[in-house]
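To keep things clear, I will list the structure first and then write my remarks on it.
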Amino acid sequence: GAVVSQHPSWVICKSGTSVKIECRSLDFQATTMFWYRQFPKQSLMLMATSNEGSKATYEQGVEKDKFLINHASLTLSTLTVTSAHPEDSSFYICSARRWPRNQPQHFGDGTRLSIL
Amino acid sequence: GESVGLHLPTLSVQEGDNSIINCAYSNSASDYFIWYKQESGKGPQFIIDIRSNMDKRQGQRVTVLLNKTVKHLSLQIAATQPGDSAVYFCAENIERTNFGNEKLTFGTGTRLTIIP
């Protein structure tokens, strides 16, 4: 199997709060994890690529200081949305991939983030 | 630039019939393609993948066809069931040597509705 767990599923918080989202590969080791953002009725947009033990690579237009990514182990990556504002409200989804490359990414069930 | 697009945003199929979902891609250098199914409020679920050295691959009730000449990808679902109702995304995996990693680019998605 290739199960990816994402937690929490829902977060509602006040503007200015920082929110941490966890992504875990439960039954395999993931050297690389990815973070996506999805707006309603739209496709997934890659935000950043997270490699275990190294700094994340961010896509153009994604603020590194706003979206902090840590990939401390082969089974866990975290995304922290710092000082969240209403425009950060979205569906955040992580994925994980086994080594080597050119294998399917397996996705978590996403985190619905609502900033009031 | 890269883009992956779908010809039809919605598709309705009678239960038991076969369905075909189409996808066009623009990057001829892409060598790996994946189809995902996304149900409401969940993350994408891997269905089937295909590498560029193949033109057809079959799974359980699903077949993916790849035509590199016209840069076209299709997903065939046989004997559709109500549980097949979802949004289907094709995704194109692109190696990025300047980034040192790959990027999965998703199409816009097709909503498949199975009519009982």
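The values are calculated or read from the model by the stated rules, or taken from the named source; none is laboratory data. Keep in mind the model is a prediction, meaning the values are calculated, not measured. Note: ideal-geometry Cβ built from the backbone for every residue, glycine included; neighbour counts use all protein chains shown. What goes into the accessible areas is simple: the full protein's heavy atoms, side chains included, and nothing from ligands, DNA or RNA. Shrake-Rupley method; radii C 1.70, N 1.55, O 1.52, S 1.80 Å.
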Requested in this report: Check B:ARG51, B:ARG61, B:ARG111, B:ARG57 and return the single one that is within 22 Å of A:TYR36 (Cβ to Cβ) and within 15 Å of the chain's Cα centre (by Cα).
Outcome: B:ARG111
Query - Residue under evaluation A:THR80, criteria (1) buried (at least 18 other Cβ atoms within 10 Å of the Cβ); (2) in a strand (DSSP E or B), criterion not met - result: (1)
Query raised in the report: In the list B:GLN14, B:GLN60, which residue meets the criterion of being of a type in the set (S, T, N, Q) and in contact with a strand residue (DSSP E or B) (Cβ under 6 Å, 6 or more places away or on another chain)?
Result: B:GLN14
Report task. Output yes when any residue across the range B:80-93 is within 9 Å of chain A (Cβ to nearest Cβ), under 13 Å from the mean Cα position of the chain (by Cα) and acidic (Asp, Glu), and no when none is. Result -> no
**Report entry** Residue in the range B:32-47 that is modelled with the highest pLDDT, counting only those that are in contact with a Lys or Arg (Cβ under 6 Å, 6 or more places away or on another chain) and open to solvent by less than 70 Å² (accessible area, probe 1.4 Å)
**Finding:** B:ILE47
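Can you tell me which of B:ASN27, B:ASN93, B:ASN22 is in a loop (DSSP other than H, G, I, E, B) and on the phi < 0 side of the Ramachandran plot?
Numbers: B:ASN93 fails: in a loop (DSSP other than H, G, I, E, B); B:ASN22 fails: in a loop (DSSP other than H, G, I, E, B).
Selected residue: B:ASN27, the only one of B:ASN27, B:ASN93, B:ASN22 that is in a loop (DSSP other than H, G, I, E, B) and on the phi < 0 side of the Ramachandran plot.
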Query raised in the report: What do you reckon, is A:TRP99 within 14 Å of chain B (Cβ to nearest Cβ), among the aromatic types (Phe, Trp, Tyr) and within 23 Å of B:ASN98 (Cβ to Cβ)?
Result: yes
Query raised in the report: What number of residues within the range A:37-53 satisfy the criterion of being over 12 Å from A:ILE69 (Cα atoms) and either open to solvent by less than 20 Å² (accessible area, probe 1.4 Å) or in a loop (DSSP other than H, G, I, E, B) (or both)?
Result: 8
**Report entry** Output for the range B:21-43, where each listed residue is under 21 Å from B:ASN53 (Cβ atoms) and either away from chain A (no Cβ under 11 Å) or hydroxyl-bearing (Ser, Thr, Tyr) (or both)
**Finding:** B:CYS23, B:ALA24, B:TYR25, B:SER26, B:ASN27, B:SER28, B:ALA29, B:SER30, B:TYR32
Report task. Would you mind telling me which numbered condition in (1) surrounded by fewer than 16 Cβ atoms within 10 Å (Cβ to Cβ); (2) within 10 Å of the chain's Cα centre (by Cα) A:GLY108 fails? Result -> (1)
